1. Going by how many other beta carbons lie within 10 Å of each one, how would you line up LEU565, LEU285, fewest first?
2. Treating only the Cβ of Lys, Arg, Asp and Glu as charged (+1, +1, -1, -1), what charge dipole size does region 282-385 show about its Cα centre? Round to the nearest 20 debye.
3. Give the calculated FRET efficiency between LEU28 and TRP109 to the nearest 0.05, with a Förster radius of 30 Å applied to their Cβ-Cβ distance.
4. Please sort 441-452, 514-525, 220-231 by packing, taking for each peptide the average over its residues of neighbouring beta carbons within 10 angstrom, highest first.
5. In whole Å, how far is the Cα centre of region 153-173 from that of region 563-628?
6. Once fully extended, how much extra length lies between GLN273 and TRP451, figured as 0.36 nm per residue of separation less the alpha-carbon to alpha-carbon distance?
7. Which loop GluC sites (Glu not before Pro) in region 263-316, with loop taken from DSSP, have no more than 14 other Cβ atoms within 10 angstrom of their Cβ?
8. When the chain is fully extended, how far beyond the present Cα-Cα distance does GLU64 get from GLN205, taking 0.36 nm per residue of separation?
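Please treat every number below as a calculation from the coordinates, not as lab data. Only a predicted model underlies this, so the values are computations on that prediction, with no experimental measurement involved. In this analysis, Cβ positions are derived from the backbone assuming ideal geometry, glycine residues included, and neighbour counts consider all displayed protein chains.
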Amino acid sequence: MPVSYNGATGTQKARRTSLSQAQKSAVLHGKGPCLVLAGPGSGKTMTIVNRIKYLIEELHVRPEEILVITFTKYAATEMKLRLQSSMEGKKLPVTMGTFHGIYYGILKWAYRFGPENILSEEEKYKLVRQIVNHQDELEIMDEEDFLKDVITEIGVVKNNRNQIDTYESKRCRPDIFRNIYQEYERERKQLRKIDFDDMLVLCYQLFTSRPDLLKLWQEKFQYILIDEFQDINQVQYDVIKMLAAPQNNLFAVGDDDQSIYGFRGADAKLMFQFQKDYPEAKQILLDINYRSTANIVKNALKVIEHNEVRFDKAIKTKKKAGKSLHVQEVRDSEEESRYIAEEIASRIAEGVLAEQIAVLYRVHTDARALVEKLIDSKIPFQMKEHMPNLYQHFIAKDIQAYFRIALGKLTRADFLQIMNRPKRYISRDSVSGKEKSLYDDVRKFYKDKAWMIDRIDQMEWDIKMLGKMAPYAAIQYLRKRIGYDEFLREYATQHQMQKSDLFDVLSEIEEAAKPYETLQEWFTHIEEYSIALKMKEQKSGENRRGIHLMTMHASKGLEFDTVYLIHTNEGCIPYKRALEENGLEEERRLFYVAMTRAKEVLKISYVKNKNGKEISPSRFVEELFEGV
Ligand SMILES: Nc1ncnc2c1ncn2[C@@H]1O[C@H](COP(=O)(O)OP(=O)(O)OP(=O)(O)O)[C@@H](O)[C@H]1O
């Protein structure tokens, strides 16, 4: 579902535009299954809206008999508005919603479910957190991260209808995941609640066990239209097939190249399955891109054509060649953020609205330096996602505790936090509550152990040294002289974590500290940054204005005049963790989605050096230059 930020949601435009031959053929499809394969910017939404209108006005289908399924609630609302507008403002009782919304409606009707039976996302987190905390053999570093992944995995098991007994978790030991899953299911059932994914599973079970009820729903929905079909998962597909039978008036619109939710169970292969299940299906290709300049489309195709599992589509363009694609090499994150800030300023000076500019990145950490730069330079920006604060990571908290003590603000809490990072074998019992005499009290506690007294003297001396240094030098001293690197290596081994993940965070904090001359300045910056970041989450007033910053995932379905893709490096995009889990092709599709959000200008940048290490440009950037 496209959204224009220049005020036109597409509705007025759609009225003015005439349909292409392929769009017409899709709109005018009669009965039976139809698969509409569509490229980016090819007017999928407009086609669906026009088809609904055609069904009602020309084929005299009753609006109540039409079901339209969209990927998000937002898309459903947008579609309703477009339909209303194309019907001269008339509101029609066409059923529009997400898979979850529709299937929940069916369950509500069958089982008299009410809101009290729904396990909210918050309750789900709370429940899984409790269960995770009871797993004695489980060691995790970042609880939030772990919970998010485990909850996603519980969803994947349900959506794919996997057998839990044989399921191999990607996040923790299979037996531990099995325990968590089974305990979660037990507790949920005891509470007499269903979660979001259960809505799909229960609907499947309902229709399999009650053919009489299934028949009623089959009769109700004579025509089914599905948008973003590439994002469908197994259980959604199984239910929709049952619901569409026996007439199979199933109209599916999707772009397999834009399937980017494999990690959540979406399976673009189901588009191929559709062809097998309905060999009689009409197939239509919407092959004209109306959104982007010919250069943008040509370059995006150069990348996506490297994928092997895809429908081959020759996409044509309507717009002129436009500006050539610009790829910028920059030294590091700092230089990249300066480059982007200057670019934005000149694009705005050329008359482009700030809201028509987007900066896209693979993961939030890729944008950390840019966010700091925009905050410092007071350039308005908006983010629709929550961006984790680097300075709340436990490593950053350790460094801050060291630095606070170095600045003479010794507290028991800070002392306890860092006294054994690195390992000094200081016991908690030795740490008194009296801050003024804290070091002396610890020494007193170990008065018979000379080696411990030496250790504490060394610690006190080292921390005093930190107080005299600039933050960057102080972090280096902490790592190499005080032994924090050693602590982190041991920590990673103990918690069965990738050492490189922890060292990436540490290096990032170190690099970000470079511009500051004193520890106090660094603390002030962290405070301002953290407040500004928090404010961005309040989605009102100032925080809804300015350029858009978002992950490539969040950019799906949107379009902007100017798009910057930053940190297009190996390891960032394709993202190294996702590469192992979802494979290269899904990462390439994500890059393709990001590229095709741009209407007029697309600029791509990559860094040469990240956190003190040389890194290469993304293989996708290299694919752009093949044969040049
Ligand atoms: N026949 C047409 N003539 C002119 N413009 C069109 C036509 N069809 C669609 N458009 C315009 O092209 C742009 C892209 O269409 P739209 O965003 O609906 O494509 P989409 O297929 O949903 O894109 P994506 O999958 O990339 O999100 C919109 O601004 C839309 O108004």
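1. LEU285, LEU565
2. Rounded to the nearest 20 debye, it is 780 debye.
3. So, using R0 = 30 Å, E works out to roughly 0.35.
4. Going from most to least packed, we get 220-231, 514-525, 441-452.
5. The two parts, judged by their Cα centres, are 29 Å apart.
6. Full extension from GLN273 to TRP451 adds 57.1 nm.
7. Here the GluC sites (Glu not before Pro) that fit, given the DSSP loop and packing criteria, are GLU280, GLU308.
8. Length gained between GLU64 and GLN205: 48.3 nm.
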